[in-house]
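Read the figures in this text as sums done on the coordinates, not as results from a lab. Small disclaimer: the values here were computed from a predicted structure and weren't measured. Positions of Cβ are backbone-derived with ideal geometry, glycine not excepted, and every protein chain shown enters the neighbour counts.
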Amino acid sequence: MYPTLKENPDYTSVINQRHYDRIKGYIDEAQDRGAEVIQINPSDEDFDQQPNHKIPPTLIVNPDENLSVMKEEIFGPVLPIKTYSDISETINYINSKDRPLGLYYFGEDKKELDDILKNTTSGGVTINDVVFHVAQDNAPFGGVGPSGTGSYHGIEGFKNFSHAKTIYTQTKFDGLINIFRPPYGTKAKKALKMQIKP
């Protein structure tokens, strides 16, 4: 797809030097700790000392859980990959961590997908692609727990970022309101009994 990356205007760069250094630091840490790091660099270009802050797509295979790339948000062309033998391993892994903002499933196995959807919790899900659940303006987007609170987009965003103010005016009919004020008598007991289903 990209025979060259470094000067290719179609291959995006990291936004600034600070984030370039941060992401590069994740890769360097993984290499230093012995993780398998695979850079996808078809033309074997040198990405050091370049003004565009570009990093080639980088895979980190079975990284240790203590690596920064496994604990921090990445927002760059780095993909940690954890291998598995059975889909239950992935479900247990997901559930052992904080709730993810997005969950992505690639595959055609309907039972496997159903197991993942029923047994995990995430902010949103995209099947056979990434991020596109965010682009659905008529569907709510948001996280769960550490990945966020509430949701937005369309009417969901209006509700989430608005405040519905409740205004209640008490009835002036003393006979009715006094039923619910002490001392409680037989009328109050009858009113409560009507509300309680046996």
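With 26 Å as the limit, write out which pairs from Lys97/Lys118; Lys82/Lys111; Lys6/Lys82; Lys24/Lys82; Lys71/Lys110 have Cα-Cα distances beyond it, or answer none. Walk me through the numbers on the way to the answer.
Working: Lys97/Lys118 17 Å; Lys82/Lys111 21 Å; Lys6/Lys82 28 Å; Lys24/Lys82 20 Å; Lys71/Lys110 30 Å.
As for pairs spanning more than 26 Å Cα to Cα, those are Lys6/Lys82; Lys71/Lys110.
Take the Cα of Tyr11, step 7 Å toward its Cβ, do the same at Gln31, and the gap between the two points is 1.6 nm. For the chain, with the dipole built from +1 on Lys and Arg beta-carbon atoms and -1 on Asp and Glu ones, taken about the Cα centre, which of Gly102, Phe173, Ser162 lies farthest toward the positive end? Result: Phe173, furthest along the dipole toward the positive end. Listed by chain and number, the lysines whose C-alpha is less than 27 Å from the C-alpha of Lys172, apart from same-chain residues fewer than 8 away, are Lys187, Lys189, Lys190, Lys193.
3J(HN,Hα) along region 35-50: 6, 7, 10, 10, 9, 9, 9, x, 9, 6, 7, 8, 9, 6, 6, 10 Hz, from the Karplus curve 6.51 cos²θ - 1.76 cosθ + 1.60 with θ = phi - 60°, whole Hz, x for Gly and Pro.
To the nearest 0.05, how large is the calculated FRET efficiency for Asn178 and Ile155 if R₀ is 35 Å and r is the Cβ-Cβ distance?
On the way: r = 41 Å, r/R0 = 1.18.
Working from the Cβ atoms, E equals 0.25.
Dividing the helix sum by the residues of the chain, where each DSSP H run of 4 or more adds -39500 (n - 2.57), gives a mean residue ellipticity at 222 nm of -8500 deg cm²/dmol.
For the chain, modelled as a GNM whose springs connect Cα atoms under 10 angstrom apart, the maximal fluctuation among Lys118, Lys165, Lys24 occurs at Lys165.
Between rounded, prolate and oblate, where does the chain land on the alpha carbon gyration tensor, with a ≥ b ≥ c its root eigenvalues, rounded for a/c under 1.5, else prolate if a/b exceeds b/c? Prolate.
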